[in-house]
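A.B. asks: The structure's right below; bear with me while I get my questions together.
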Amino acid sequence: MNIFEIKEGMGMAWDSLKANKMRSFLTILGVLIGVAAVIGMVSIIQGLNKSMATQIESLGSNTIYVTKEEIGIRLGRTPAEIRKRKPITFDDAMAVQELCPSVGAVSPQNWGPGRKVAKYKKNELTRFQLIGVMPSYEEVNNNYIKEGRFITSIDVHYKTKVCVLGEDIVEGLFPHVDPIGKDITLGGRNFSPKRFTIIGVMEKRPSILGESQNNFILLPYDTYKTLYPEEKELLLVAKPITPELMEKAIDEITEVMRRRRGVPSDKPNDFAVSTQDDLMDVYHQITNAIYLVMVVISSIALLVGGVGVMNIMLVSVTERTREIGIRKAIGARRKDVLWQFLIEAMTLSGSGGVLGIVFGLGLSKFISMVSPLPATVPFLWVLIGFSVAVSVGLIFGIYPAYRAAKVDPIVSLRYE
Amino acid sequence: MLIKTENLWKIYEVGAEKVHAVQGISLEVEKGEYLAIMGPSGSGKSTLMNLIGCLDTPTRGKYFLNGQLVSQLTDDELARIRSKEIGFVFQTFNLLPRATALHNVELPLIYNGTPSAERIRRAKDALKMVDLEDRMTHRPNELSGGQRQRVALARALSNNPSIILADEPTGNLDTATGSEIMQLFGRLHSQGNTLIVITHEAEVARYADRIIHIRDGKIEKEERLTKQG
Ligand SMILES: Nc1ncnc2c1ncn2[C@@H]1O[C@H](COP(=O)(O)OP(=O)(O)OP(=O)(O)O)[C@@H](O)[C@H]1O
Ligand SMILES: [Mg+2]
């Protein structure tokens, strides 16, 4: 085989593609979908990598989260053992603060559930998070005050009616006014509207997966408790004194929590202590799930596409028996004919691959336009998509090409 | 001796029946000879040509081409010999319909591995030899029957074969065009090519040095022609 034969095989494949556009398109549709699925999914994962992974990293590597359930994706129902676990409480947070020498700061954070509303004059917001926090919130969450002042222990102790706003709330309620010192009205499911004075605005945080991280109102913890007395679920965030003490801090927290929750020494934890790495693991679970979906969709599509290519190539071999006979009569060997038809099959599936790549790139563009994901396709994956498409032609072209190579020139030249 | 066959047999088995297409033909052809093979339909002419052209192997007997025993070779070895030693001309031209005249003529050179520059040069020379250099980019359906047969002849010539085998080359042509083709054969012969032409027509066989008459797969008689002029 030489370059010329490759060119000839491609040329002939191209001719037969053109001669029968509809048939060819249907043939390569499977390959097209398969490759487009690969490119599309990869672009989603790339988008996730860009937004989520970097955001998880930005949370800081020395943050510890204590939760009732392990962080992760659970398929199916939550097991009874987990559902029966006790919630993490404010007192747990205080105990961790007091009893763990390696822990620098602890921030218990509580989210107000249900319908709520924030009002300033004619402006009104209903979609935001209302979080009860301690003064340690700033340091532990690595998110600091931008204007005004943060909540102090005095605010907590005296349950003062003050609040600190995230950037989105400022934009929503105070488009042209300095919010510091102004009063807003907060209402909720179980309490009548009350007035709160704004004491500060937080630094803007980058959004995660297009979800803004600035859509919150912070209240002093004890003020929050007057609004939501039933303490259900609490997120305990802790920070070691220095990054080197991370491991030690985790051990200490685990020990304290086990003791407080009365876990017998032979039983596993009935709570979870997680770090950035665990969040990363969750992230990888998500991307692996996407990869799995990708592999399944594209395998099925490529299989269908491959069978289509095989079918059309068998038709082509039958239609061109005479041509094969002529070629053999004038000196083509089996392998010359074999390669000719393999190249033709690869050209067919390869052009499906090219269309699939184009389609996939379009899909990626579309995703990055309509969703917050900055979806992109690395060039390597374009190459992989193309190679996979060509390989499909190679694999499913073998049998038709073998049939072509076996054609007996005498027989094929005899019958007209 | 260019061609030497010893007691060649070709027996086809069609179901339980056996067809004795060639029955013990011994034949010698010298280099530069112009041989015509005549015989009624079904007498085994094409079968004999397939054997001589290394398209097929005999059931029995030996065939030496250029002194090499070729009657026992594998398919791919035969293909190699065809690409180097044999040029075929068929009754129905057998050109690739989608390829240009030049590309059709190039084909044997592709399969015998001729480098591209030389290939194009030789293909063009071959087309010049049959007076078709102005039709190189035409496809078969843009050519007349006679022109198609000339392209086929150029294709048979392009690899500079030891033998040119033609099976009823004028069978699909009118008398005038047929005799043009035969004059072309005469010219090739005068340039030293070895030709074997199968035909029904005495008019066509007349151009040869020697005529072999075949009946029922056997050589019935042989006649040597003396050229006038
Ligand atoms: N592949 C084959 N299988 C079975 N029988 C065959 C095959 N090829 C040829 N024959 C038989 O062998 C005999 C000789 O056939 P062949 O084609 O050689 O005749 P021919 O002399 O070329 O005839 P024509 O002048 O009609 O072309 C015929 O009886 C034919 O039916
Ligand atoms: Mg015949």
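A.B. asks: Between region A:142-185 and region A:236-266, how far is it from one alpha carbon centroid to the other, in angstrom?
C.D. replies: Value for the Cα centre distance between the two parts: 32 Å.
A.B. asks: Separate question: For a quick check of your reading of the filter: which chymotrypsin sites (Phe, Trp or Tyr not before Pro) in region A:159-218 sit in a DSSP loop and have no more than 16 other Cβ atoms within 10 Å? Present the calculation step by step, with values, prior to reporting the outcome.
C.D. replies: Values: sites: A:PHE191, A:PHE196, A:PHE216; in loops: A:PHE191.
For chymotrypsin sites (Phe, Trp or Tyr not before Pro) across region A:159-218 that sit outside H, G, I, E and B with at most 16 neighbouring Cβ atoms in 10 Å, the list reads A:PHE191.
A.B. asks: Would you work out the relative contact order for region A:289-391, in percent, from Cα pairs under 8 angstrom that are 6 or more residues apart? Write out the running numbers ahead of the final one.
C.D. replies: On the way: 44 pairs, mean separation 28.6, N = 103.
Rounded, it is 28 percent for region A:289-391.
A.B. asks: How far apart, in nanometres, would the label points at A:TYR402 and A:LYS204 be if each is projected 7 angstrom from Cα along the Cα-to-Cβ direction?
C.D. replies: 6.4 nm
A.B. asks: Output wanted: per-residue J couplings in Hz (rounded whole) for region B:67-84, from phi through Karplus 6.51 cos²θ - 1.76 cosθ + 1.60, θ = phi - 60°, x for Gly and Pro.
C.D. replies: Using θ = phi - 60°, the values come out as x, 9, 6, 10, 6, 10, 7, 7, 3, 6, 5, 5, 4, 5, 5, 4, 6, 9 Hz.
A.B. asks: Can you list the residues, at least 5 places off or on another chain, whose amide H is less than 5 Å from the amide H of B:ARG215, using H built in the peptide plane?
C.D. replies: B:GLU220
A.B. asks: May I pose another question? Hey, in the GNM for chain B with a 10 angstrom Cα cutoff, which one of B:SER162, B:SER71, B:SER144 fluctuates hardest?
C.D. replies: Of the options given, B:SER144 has the highest mean-square fluctuation.
A.B. asks: So which trypsin sites (Lys or Arg not before Pro) in region A:215-317 are both in a DSSP loop and have at most 12 other Cβ atoms within 10 Å of their Cβ? List each step's numbers first, then the result.
C.D. replies: On the way: sites: A:LYS225, A:LYS232, A:LYS248, A:ARG258, A:ARG259, A:ARG260, A:ARG261; in loops: A:LYS232.
Sites meeting the loop and neighbour criteria: A:LYS232.
A.B. asks: A follow-up question, please. Mind listing which trypsin sites (Lys or Arg not before Pro) in region B:141-204 are in a DSSP loop and have 15 or fewer other Cβ atoms within 10 Å? Spell out each step's value before the answer.
C.D. replies: Details: sites: B:ARG148, B:ARG150, B:ARG155, B:ARG187; in loops: none.
Nothing satisfies the criteria.
A.B. asks: To continue, here is another question. Looking at the protein assembly as shown, send over the antiparallel percent of its DSSP beta bridges, to the nearest 5. Don't jump to the answer; show the numbers that get you there.
C.D. replies: Working: 54 of 81 bridges.
Around 65 percent antiparallel, to the nearest 5.
A.B. asks: Same structure again: Please state the shape class of chain B: rounded when a/c is under 1.5, otherwise prolate if a/b exceeds b/c and oblate if not, all from the C-alpha gyration tensor.
C.D. replies: Details: a/c = 1.66, a/b = 1.35, b/c = 1.23.
Taking the square roots of the gyration eigenvalues as a ≥ b ≥ c, chain B is prolate.
A.B. asks: Another one. Carbon-plus-sulfur fraction of the accessible area of region A:64-262, 1.4 Å probe, in percent? Working shown, then result.
C.D. replies: Numbers: 5230 of 10110 Å².
Using a 1.4 Å probe with all protein chains present, region A:64-262 comes out at 52 percent carbon and sulfur.
A.B. asks: Under the classification rounded if a/c is under 1.5, otherwise prolate if a/b is larger than b/c and oblate if not, where does the protein assembly as shown fall, given a ≥ b ≥ c as square roots of the Cα gyration tensor eigenvalues?
C.D. replies: Numbers: a/c = 5.08, a/b = 3.65, b/c = 1.39.
Because a/c hits 1.5 or more and a/b exceeds b/c, the protein assembly as shown counts as prolate.
A.B. asks: Cα-Cα over 25 Å: which of B:LYS4/B:LYS218; A:LYS406/B:LYS128; B:LYS45/B:LYS84?
C.D. replies: A:LYS406/B:LYS128
A.B. asks: Let me ask you something else. Want the number for A:VAL315 to A:VAL117: 0.36 nm per residue separation, take away the alpha-carbon distance, what's left? Numbers along the way, then the final one.
C.D. replies: Working: separation 198, 0.36 × 198 = 71.28 nm, distance 6.86 nm.
Net length gain for the segment: 64.4 nm.
A.B. asks: Let me ask another. Where does region A:64-262 land on Rg/Rh, using Cα atoms and the Kirkwood Rh?
C.D. replies: Numbers: Rg = 17.7 Å, Rh = 18.0 Å.
Using Cα coordinates only, the ratio equals 0.98.
A.B. asks: For region A:64-262, what does the accessible surface come to per residue with a 1.4 Å probe? Please give it in Å². Provide the component values of the computation, followed by the final result.
C.D. replies: Values: 10110 Å² over 199 residues.
Per residue, region A:64-262 has 51 Å² of solvent-accessible surface.
A.B. asks: FRET efficiency for A:VAL177 and B:THR137, Cβ-Cβ distance as r, R0 = 56 Å, nearest 0.05? Walk me through the intermediate numbers first.
C.D. replies: Working: r = 80 Å, r/R0 = 1.42.
Using R0 = 56 Å, I get an efficiency of 0.10.
A.B. asks: Could you report the buried accessible area between A and B, both sides summed, computed with a 1.4 Å probe and given in Å² to the nearest 100?
C.D. replies: Values: alone 21400 and 11180 Å², together 30340 Å².
So the total buried area for this chain pair works out to about 2200 Å².
A.B. asks: Between B:GLU30 and A:PHE366, how many nm apart are label points set 7 Å from Cα along the C-beta direction?
C.D. replies: A separation of 7.9 nm, rounded to one decimal place.
A.B. asks: Out of the total accessible area of region B:1-141 (probe 1.4 Å, heavy atoms of protein only), what percent is carbon and sulfur?
C.D. replies: 48 percent
A.B. asks: I would also like to ask the following. With a/c under 1.5 counting as rounded, go ahead and sort region A:157-307 into rounded, prolate or oblate using the C-alpha gyration tensor (a ≥ b ≥ c being the square roots of the eigenvalues; past the cut-off, prolate if a/b is larger than b/c, else oblate). Display every interim value, and only then the final one.
C.D. replies: Working: a/c = 2.39, a/b = 1.34, b/c = 1.79.
Taking the square roots of the gyration eigenvalues as a ≥ b ≥ c, region A:157-307 is oblate.
A.B. asks: Can you run phi through the Karplus equation (6.51, -1.76, 1.60; θ = phi - 60°) for region A:253-263 and list ³J(HN,Hα) in whole Hz, with x for Gly and Pro?
C.D. replies: Result, rounded to whole Hz: 4, 4, 4, 4, 5, 4, 5, 5, 8, x, 7.
A.B. asks: Could you list which residues have their amide H under 5 Å from that of B:GLY32, counting only those 5 or more apart in sequence or on another chain, with H placed in the peptide plane?
C.D. replies: The list, which skips near neighbours in sequence, is B:THR194.
A.B. asks: Skipping prolines and chain starts, which residues have an amide H placed within reach, meaning under 5 Å, of the one on B:VAL197, given they are 5 or more residues away or on another chain?
C.D. replies: Counting only residues 5 or more places away or on other chains, the set is B:LEU35, B:ALA36, B:ILE37, B:ALA166.
A.B. asks: What percent does the relative contact order of chain A come to when contacts are Cα pairs within less than 8 Å and at least six residues apart? Display every interim value, and only then the final one.
C.D. replies: Numbers: 738 pairs, mean separation 126.8, N = 416.
Relative CO of chain A lands at 30 percent.
A.B. asks: Against the longest principal axis of chain A, how steep is helix A:334-370, in degrees 0 to 90 to the nearest 10, with axes from Cα atoms?
C.D. replies: The angle comes out near 30 degrees.
A.B. asks: Right, next: Could you give the distance between the Cα centres of region A:331-391 and region B:99-139, to the whole Å?
C.D. replies: 34 Å
A.B. asks: Separate question: Pairs A:LYS119/A:LYS161; A:LYS84/A:LYS116; A:LYS68/A:LYS239; A:LYS182/A:LYS239; A:LYS204/A:LYS225: which exceed 23 Å Cα-Cα? Intermediate results must be reported in sequence, preceding the final value.
C.D. replies: Numbers: A:LYS119/A:LYS161 15 Å; A:LYS84/A:LYS116 28 Å; A:LYS68/A:LYS239 18 Å; A:LYS182/A:LYS239 33 Å; A:LYS204/A:LYS225 26 Å.
Flagged as over cut-off: A:LYS84/A:LYS116; A:LYS182/A:LYS239; A:LYS204/A:LYS225.
A.B. asks: Hey, another quick one. What is chain B's relative contact order, in percent, from Cα pairs under 8 angstrom and six or more apart in sequence?
C.D. replies: Working: 454 pairs, mean separation 63.7, N = 229.
It rounds to 28 percent for chain B.
A.B. asks: Can I ask one more? With every protein chain in place, what's the accessible area of B:SER190 (1.4 Å probe, Å², nearest 10)?
C.D. replies: Roughly 90 Å² of B:SER190 is accessible to a 1.4 Å probe.
A.B. asks: Same structure, new question: Quick check on region A:335-375: what does the Kirkwood estimate of hydrodynamic radius come out to from the alpha carbon pairs, in Å? Walk me through the intermediate numbers first.
C.D. replies: On the way: mean 1/r = 0.0828 Å⁻¹.
Taking the inverse mean of 1/r over all distinct Cα pairs, region A:335-375 comes out at 12.1 Å.
A.B. asks: Also: Simple spin-label model, 7 Å along Cα-to-Cβ: B:GLU220 to B:ARG206 in nm?
C.D. replies: Result for the modelled spin labels: 2.0 nm.
A.B. asks: Further, regarding this structure: Just B:LYS45, B:LYS18, B:LYS128 to compare: in a GNM of chain B, with alpha carbon springs under 10 Å, which one fluctuates most?
C.D. replies: Maximum fluctuation in the GNM of chain B, among the listed residues, is at B:LYS18.
A.B. asks: Go ahead and run the numbers for FRET between B:VAL19 and A:LEU383, Cβ-Cβ distance against an R0 of 41 Å, rounding to 0.05. Before the final figure, lay out the partial values.
C.D. replies: Values: r = 56 Å, r/R0 = 1.38.
Computed FRET efficiency for B:VAL19 and A:LEU383: 0.15.
A.B. asks: Could you pull the accessible area for A:MET94 with a 1.4 Å probe, rounded to 10 Å²?
C.D. replies: Answer for A:MET94: close to 60 Å² accessible.
A.B. asks: Can you list the residues of region B:63-87 whose accessible area drops by at least 40 Å² going from the chain on its own to the full set of protein chains, with a 1.4 Å probe?
C.D. replies: B:ASP76, B:ARG82
The values are calculated or read from the model by the stated rules, or taken from the named source; none is laboratory data. The structure presented is a predicted model; accordingly, all values stated were derived computationally and were not measured. Glycine also receives a Cβ, built like all others from the backbone with ideal geometry; neighbour counts cover every protein chain displayed. Ligands, DNA and RNA are stripped out before the accessible areas are found, and what is left, the full protein with its side chains, is counted by its heavy atoms. Shrake-Rupley method; radii C 1.70, N 1.55, O 1.52, S 1.80 Å.
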